[in-house]
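Inspection log for the structure reproduced underneath, given as structure tokens.
The values are calculated or read from the model by the stated rules, or taken from the named source; none is laboratory data. Every value quoted in this text rests on a predicted model; they were computed, and no experiment measured them. Please note: Cβ atoms are built from the backbone with ideal geometry, for glycine as well, and neighbour counts cover all protein chains shown. In case anyone asks, the SASA skips ligands and DNA or RNA and just uses the protein heavy atoms, side chains included. Shrake-Rupley method; radii C 1.70, N 1.55, O 1.52, S 1.80 Å.
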Amino acid sequence: MREKILSIIEKNSRIDLRELAIILGEEETDIVNEMEQMEKEGVICGYHTLIDWEKTNVEKVSALIEVRVTPQRGHGFDSIAERIYKYPEVHAVYLISGGYDLLVSLEGKSLKEVSNFVSDKLSTLDTVLSTATHFILKKYKDHGTILDKKEVDERIQVTP
Amino acid sequence: MLVTVGGSEAIDIALRAMVDPGDEVLIPQPSYVSYEPCAVLAGAKPVIIELKHENQFRLTAQELEDAITDKTKILILPFPNNPTGAIMERKDLEAIAEVILKHDLFVLSDEIYAELCYTEKHVSIVNIDGMRERTILINGFSKSHAMTGWRLGYACGPKEIIEQMYKIHQFCIMCAPTTSQYAAIDALKNGDEDVQMMREAYNQRRRYLVHAFQEMKLECFEPFGAFYIFPCIREFGLTSDEFATRFLNEEKVAVVPGTAFGDCGEGFIRISYAYSLEKLKIAMEKLEHFINRLRAEK
Ligand SMILES: Cc1ncc(COP(=O)(O)O)c(C=O)c1O
């Protein structure tokens, strides 16, 4: 039941729990209990909304920053990652295999705000060796959802 | 085995290969629209067996026995069923097989919805002792893999019959589209997970519809296979045709009148849940409006 609930709410976190119970053939109370349990266990970490800010009047700038760091004795990358993720403007922090160590996803109001963050807060950390900032120009798809939807003519073009 | 242009071709050429003029072909109804005309075109006499709501639209040994004459040659076995969603379990098939063997008949088993069984795994009649030698099994990619437009199906059966079908196949259309055959090979190699995913999605919609009809107090037997549901609309005092036509005109939703699948489909409509849950929800809202209006009219 767990996997089935998750695969549905991963795409639609606003689904009515009664409806979820009906389509999965379960009791509503069992669904509610299972969801609460998963929240407690940290399997379900939040219910966010995917927003295409481009379509609003709010100015936002997103960037992905590659960060190379010196791992610390006894902590590896964890303590430096924690110092970075505590900044509220940081959206996500991943430890990455390959050419650099941490990938930091950041959101700011303007280019300047993002570059200030990098120069004042990120690159000044002791263990940070270098950064490379990539500004996001356009989001085509996010969280499995296509943002840049094209108009399609739904009329069928062939004879069935 | 013979690869055909959809299950449709397999049904047609199997009948043409097997029947002689005047042979009787037993066709349980409600069922898919092509069996009866194909039997007629092949020169056979279609004999209809009316499946009963109270038997969950399964074929019983008694119904079969009652329809058999000394002209009977083939039974068409259409399960999981379009339009009712009925299935036949092993015990049901064993009872049928006994009658088939007793009267030395053939079976044309249209199992195109075999992958779409929701309560238990599909059992084919060829798995019952003595039936493999006298069964033409039909399947295809239209339903299991949602590849309807690729036009690919197949028939399996005794060599003597398949050879005759092959002749007709060669003269009529040469071969099933090879592009589709390559696609189908890939579907068979790599598509199991997708089939599983689709089955789960259909099952969710099936449960949703069964529940929606209960809420509307619309009499409906629970379908266990295929992707159709077949509610009864007798309470409204309209024919299936009138119901479907008014529903289309007044709410802009298309359903198929039960009579499309045989006269005994009168009093039922067929709803397909191959569409998305979102669209089905809209359709159910409209259906509820519609039947509330009909109930108020009475
Ligand atoms: C029971 C049954 N058999 C056969 C077919 C024909 O399918 P195809 O020719 O696409 O394989 C259908 C299609 O609706 C069907 O419902």
Report yes if B:ILE13 is within 14 Å of the ligand (Cβ to nearest atom), under 19 Å from B:GLN164 (Cα atoms) and not acidic (Asp, Glu), otherwise no. yes
Hits in the stretch B:170-215 (condition: among the charged types (D, E, K, R) and under 23 Å from the mean Cα position of the chain (by Cα)): B:ASP192, B:ASP194, B:ARG199, B:GLU200, B:ARG205, B:ARG206, B:ARG207
Selection count where residues are touching a His at 6+ places or on another chain (Cβ under 8 Å) and either closer than 21 Å to B:MET284 by Cβ or free of Cβ contacts under 8 Å to residues at least 40 places away in the same chain (or both), scope the stretch A:1-55: 2
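Can you confirm whether B:ALA184 is in a helix (DSSP H, G or I), more than 14 Å from chain A (Cβ to nearest Cβ), closer than 30 Å to A:LYS4 by Cβ and within 16 Å of the ligand (Cβ to nearest atom)?
yes
One line per residue, one yes/no per condition, for (1) away from chain B (no Cβ under 12 Å); (2) surrounded by 14 or more Cβ atoms within 10 Å (Cβ to Cβ); (3) under 14 Å from B:GLN204 (Cβ atoms):
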residue	(1), (2), (3)
A:ARG2	yes, no, no
A:ILE8	no, yes, yes
A:SER13	yes, no, no
A:ASP16	no, no, yes
A:ILE22	no, yes, yes
A:GLU27	yes, no, no
A:ASN33	yes, no, no
A:GLN37	yes, no, no
Of residues in the stretch B:101-123 being more than 20 Å from the chain's Cα centre (by Cα) and on the phi < 0 side of the Ramachandran plot, the one farthest from the ligand (Cβ to nearest atom): B:LYS102
Can you pull out the residues in the stretch B:147-156 that are within 17 Å of the chain's Cα centre (by Cα), within 14 Å of another protein chain (Cβ to nearest Cβ) and more than 8 Å from the ligand (Cβ to nearest atom)? B:MET147
Quick one: A:VAL104 ticks every box in (1) more than 29 Å from A:THR56 (Cα to Cα); (2) in contact with a Phe, Trp or Tyr (Cβ under 9 Å, 6 or more places away or on another chain) except a single one, so which number is it? (1)
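The rows are residues; the columns are (1) surrounded by fewer than 17 Cβ atoms within 10 Å (Cβ to Cβ); (2) within 14 Å of chain A (Cβ to nearest Cβ); (3) more than 23 Å from B:ASN203 (Cβ to Cβ).
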{"site": "B:LYS252", "(1), (2), (3)": "yes, no, yes"}
{"site": "B:PRO257", "(1), (2), (3)": "no, no, yes"}
{"site": "B:GLY267", "(1), (2), (3)": "no, no, yes"}
{"site": "B:ILE271", "(1), (2), (3)": "no, no, no"}
{"site": "B:TYR275", "(1), (2), (3)": "yes, yes, no"}
{"site": "B:GLU278", "(1), (2), (3)": "yes, yes, no"}
{"site": "B:MET284", "(1), (2), (3)": "no, yes, no"}
{"site": "B:LEU287", "(1), (2), (3)": "no, no, no"}
{"site": "B:ILE291", "(1), (2), (3)": "no, no, yes"}
Whether any residue in the stretch B:227-246 is away from chain A (no Cβ under 14 Å), among the polar types (S, T, N, Q) and open to solvent by 10 Å² or more (accessible area, probe 1.4 Å) is what I want to check. yes
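Looking only at the stretch B:123-141, decide whether some residue is touching a residue at least 60 places away in the same chain (Cβ under 8 Å), touching a strand residue (DSSP E or B) at 6+ places or on another chain (Cβ under 7 Å) and assigned to a loop (DSSP other than H, G, I, E, B). First the steps, then the outcome.
Pass one, the stretch B:123-141, residues touching a residue at least 60 places away in the same chain (Cβ under 8 Å): B:136, B:138-140.
Next, only the ones that are touching a strand residue (DSSP E or B) at 6+ places or on another chain (Cβ under 7 Å) stay: B:136, B:138-140.
Checking which are assigned to a loop (DSSP other than H, G, I, E, B) leaves us with none.
No: the stretch B:123-141 contains no residue that is touching a residue at least 60 places away in the same chain (Cβ under 8 Å), touching a strand residue (DSSP E or B) at 6+ places or on another chain (Cβ under 7 Å) and assigned to a loop (DSSP other than H, G, I, E, B).
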Only strands (runs of 3 or more DSSP E) wholly contained in the stretch B:1-105 count here; list those with 1 or more residues that are open to solvent by 20 Å² or more (accessible area, probe 1.4 Å). B:2-4, B:45-50, B:72-77
B:HIS169 vs (1) in a helix (DSSP H, G or I); (2) open to solvent by 60 Å² or more (accessible area, probe 1.4 Å): all pass except (2)
Tally, over the stretch B:19-68, of residues that are touching a Cys at 6+ places or on another chain (Cβ under 7 Å) and of a type in the set (Lys, Arg): 0
